[in-house]
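Only one structure is covered here, and it is reproduced in the block below.
The values are calculated or read from the model by the stated rules, or taken from the named source; none is laboratory data. Nothing here was measured: the structure is a model prediction, and the numbers come from that model. Here the Cβ positions follow ideal geometry from the backbone for every residue, glycine too, while neighbour counts run over all protein chains shown. Just the protein is used for accessible areas: all its heavy atoms, side chains included, with ligands, DNA and RNA removed. Shrake-Rupley method; radii C 1.70, N 1.55, O 1.52, S 1.80 Å.
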Amino acid sequence: MTELFEKEEKVIVFQLSDEEYAIPVSKVRSIEKLQHITRVPRTANFVKGVVNLRGLVTPIIDLRTRLNIEEVEYNESTRVIIVTHRDYEVGLIVDAANDVIDINLSNVEPPPDVVGVVEVEYIDGVVKLDKRLLIILNLDKALKYDKK
Amino acid sequence: MDMNQYLEVFIEESKEHLQNVNDQLLELEKKPDDISIVNEIFRSAHTLKGMSATMGYEDLANLTHKMENVLDAIRNNKIKVTSEILDVVFLSVDDLEAMVLSISTGGDGKRDVSNVVDLLQKIEKGESIQTKSSQKPVKNVESFVDLSNETFDQFQIAVFEQSNEQGFHNYKIKVTLREDCLLKAARAYMVFEILEQIGEIVKTFPSSQEIEEEKFDHDFTVFLASKEDASDISARINKVSEINSVEVEEFNIAQYNESKNEQELINQVEVTTQVTETVSVSNSVKPTTIEKTEENNEKSQAKSVGNKTIRVNIERLDILMNLFEELVIDRGRLEQISKDLNNSELVETVERMSRISGDLQNIILNMRMVPVDTVFNRFPRMVRQLAKDLGKKIELDIVGAETELDRTVIDEIGDPLVHLIRNALDHGVELPEVRKAAGKDETGHVTLRAYHSGNHVFIEIQDDGAGINKEKVIKKAISRGVITEQSASLMTDKQIFDLIFASGLSTADKISDVSGRGVGLDVVKNTIESLGGSVSIDSELGKGSLFLVQLPLTLSIISVMLVEIEKEKFAIPLSSIIETAIVKKSEILNAHNQKVIDFRGRVVPLIFLKDIFDVPSRSGEDNLYSVIIVRKGDKLAGLVVDSFIGQQEIVLKSLGDYLQTVFAISGATILGDGQVALIIDCNALIK
């Protein structure tokens, strides 16, 4: 569990497949609609390429590929969440970004052994909110650049 | 109080002050009498001390304080500036720089400086005791050492003792030149000539080197072992013209040793022997010093007026540049729309906006320009030290230090230049004896020159040294298998000189610490080429060499050829393109599983970018290939693309930190339609 989740924390909720995921709002710079992506050859398979983000060339990662979830066609609801992590900016392609909510630190539970289809190593924990289950993504691991 | 917010400013300013101290010290070495320079150094050191004490860097403050003490003594005429003292001060500046560097990299700025502190204290102490000794009754003056640092090493003492035993007389000869004497060094040299005929010169004050460089006022002292008697020596010296007075007195080494014991505490002594003389000298010196000071003041004032600047973080400039580029993209769209609508008022406004944004672009690009001085300013120190280490006499002239280059180029160009200068010093300029024998001035000259020409900046490194021995280069290149004997005979001078950039080739007979391991010049060439520049050599045996480095004005905007491969656009820097060609499929030959073409008599391998970049292929094979011939050094390659779009000026951008090294891609750019195009790194494609 990261220290970022202190007591009350605002998180951005996004959708991948049927699961809902969350990342702290402090890490998110913006949420963009999908635009033309320039493919960068000879990079890891989850790196879709780069886009022009207001004059900044920003790499884009397909989170589905990264998390080993089956890929789908991009559609109207597909969003790119631009996150600032360490000293770089990366865009994450998600199925949809629907919500900003407050979560309580005390509600965060360690990840169960099996959560949906996502490998546990990318997960910090889970939060139950009413009937929703939010998976808190570990950005550090999800963004780790290892060539596949 | 939290100091972190000031840390950046502190580091920046410390560096500036240290640089200033460095510059001024070099200046001081040239004009040891100019107190205004000492004042300038003192001011910088003092500010540095204050800042570092406030920031809590005790070591830094302490060392600066010690240095300041010495400077203060110089300022108050208690110590004379000598090369040795300056060496120590330079050493301490080195330490200070290392400390600041440590702080800037997140360290605590601590460093063991006991050695330098010791030396500084010695200089300073020699001083404080000196004041005492001058108050002492002047009974010893006749027999012992005057002038500062008039001490002998063991060898010299041994010589004195031996000559005494063999019936030689030891003399201390003080020669005062006329004040209007123009060629002081020449007169001194003549005196030495005479003295060498009649005996052996054991030591001189100041050192013979300093005398040759005219680094003395109007008098100097020579210790001579000779069989002649005093009056004879005096008469001989007086034959040299422009000599004011000669004092010859017997010098008793036993007495010296005695007094030396007495002096054990006193490290460096400065006692003025003849009060009258000192007065007359200082009288004559004073007016000139004052003039100099005034001149200097004017200079520094002019400087401070010209330098009205504010400090802006380079990141902010980058952001500004990014925002502006976006504006340029929108401008392109606006221009398109206004053309379509054909509304005269709109067209007029858009045209106006285009003009203004064009001006704005120039200004923003200019803001990123920095004078090459920021790189050049560390060279005088380096040359001074290197020349000393190599036992050569070398003067460095810097011309055009105000020439401006883009910040990104400046950051990269430092190391290659260091290399070229070291090369010029080590291999170019000969040893003083060799130079003398060749009928040249003993002091070698290395000129560093920067200037603008067209869209490029040129930097020249010129030396008046030995030049490049073509035969030697060819021999070496043949023995290393770089060229064959047949090809050697066909080569032009330029091509031969270019051989020294080939790796593993060094024409230096022996390897020194400085250079000559044969790795280096090829790295220099590669670095410069990766910056989109080039380097060439001109040389004449016995007269010297000239290294010419050509650099693009800026790296942020480059000219490229845009090409299309399927639906993807790529940019190829014009600097590496030789020409474009359309090749028929039937013209492609196979050689060792490698497709090649015959291009103007040369076999050029083809590189299919579609395969290299795994471009998803849709269309079938074509009968005609569009080929771009690119080069890396002497090697050529043909890049096969689908179509040429055209030439364009683009803004170079990095792919970001996340994608650090992508094969054969050196960066990206944003095209007019807002899409990103990748820039191909031709150097990576040619092996």
Exercise. Taking the options A:N68, A:N98, A:N104, name whichever one is modelled with pLDDT under 90, away from chain B (no Cβ under 14 Å) and at positive phi.
Key: A:N68
Quiz item: Based on what the data block shows, is B:K292 open to solvent by less than 100 Å² (accessible area, probe 1.4 Å), modelled with pLDDT under 85 and under 20 Å from B:E40 (Cβ atoms)?
Solution: yes
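Condition check ((1) within 14 Å of chain B (Cβ to nearest Cβ); (2) open to solvent by less than 20 Å² (accessible area, probe 1.4 Å); (3) in a strand (DSSP E or B)) across all residues:
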site: A:Y21; (1), (2), (3): no, yes, yes
site: A:I31; (1), (2), (3): no, no, yes
site: A:V51; (1), (2), (3): yes, yes, yes
site: A:V72; (1), (2), (3): no, no, no
Quiz item: For residues in the stretch B:640-653 being within 22 Å of A:G55 (Cβ to Cβ), not charged (D, E, K, R) and not in a loop (DSSP other than H, G, I, E, B), which is nearest to the other protein chains (Cβ to nearest Cβ)?
Solution: B:V651
Quiz prompt | Odd one out for B:N362 among (1) at pLDDT 80 or above; (2) part of a helix (DSSP H, G or I) | solution = (1)
Quiz item: In the list B:G656, B:G674, B:G667, which residue meets the criterion of being open to solvent by 20 Å² or more (accessible area, probe 1.4 Å), small (G, A, S) and within 9 Å of another protein chain (Cβ to nearest Cβ)?
Solution: B:G656
Self-check item: Count of the stretch B:100-124 residues which are open to solvent by 90 Å² or more (accessible area, probe 1.4 Å), closer than 21 Å to B:E68 by Cα and not charged (D, E, K, R)
Solution: 2
Self-check item: Of all residues making up the stretch B:485-502, the number that are polar (S, T, N, Q) and loosely packed, with under 11 Cβ neighbours inside 10 Å
Solution: 3
Quiz prompt | Yes/no for B:A637 being within 14 Å of another protein chain (Cβ to nearest Cβ), in contact with a strand residue (DSSP E or B) (Cβ under 9 Å, 6 or more places away or on another chain) and open to solvent by less than 10 Å² (accessible area, probe 1.4 Å) | solution = no
Quiz item: Any chance the stretch B:624-644 includes a residue that's more than 20 Å from B:E579 (Cα to Cα) and among the aliphatic types (A, V, I, L, M)?
Solution: no
Practice problem: Can you tell me which residue among A:I61, A:I81 is within 25 Å of B:G667 (Cα to Cα), within 14 Å of chain B (Cβ to nearest Cβ) and of a type outside the set (S, T, Y)? | Solution: A:I61
Quiz item: Mind checking which residues of the stretch B:595-630 are farther than 27 Å from A:A44 by Cα, outside any strand (DSSP E or B) and in contact with a Lys or Arg (Cβ under 8 Å, 6 or more places away or on another chain)?
Solution: B:E621, B:D622, B:N623
Quiz item: Which of the residues that make up the stretch B:540-588 are within 44 Å of the chain's Cα centre (by Cα), over 23 Å from B:K653 (Cβ atoms) and in a strand (DSSP E or B)?
Solution: B:E540, B:G544, B:S545, B:L546, B:F547, B:L548, B:V549, B:Q550, B:I578, B:E579, B:T580, B:A581
Quiz item: crowded, with 16+ Cβ neighbours inside 10 Å and under 42 Å from the mean Cα position of the chain (by Cα) - does that describe any residue in the stretch B:589-604?
Solution: yes
Quiz prompt | Qualifying residues in the stretch B:605-618 (those that are loosely packed, with under 15 Cβ neighbours inside 10 Å and at negative phi) - the one nearest to the other protein chains (Cβ to nearest Cβ) | solution = B:P616
Quiz prompt | In the stretch B:678-687, residue surrounded by the fewest Cβ atoms within 10 Å (Cβ to Cβ) [restricted to those that are outside any loop (DSSP other than H, G, I, E, B) and more than 7 Å from chain A (Cβ to nearest Cβ)] | solution = B:A684
Exercise. Any chance you could count how many residues in the stretch B:37-95 are open to solvent by less than 40 Å² (accessible area, probe 1.4 Å) and at positive phi?
Key: 0
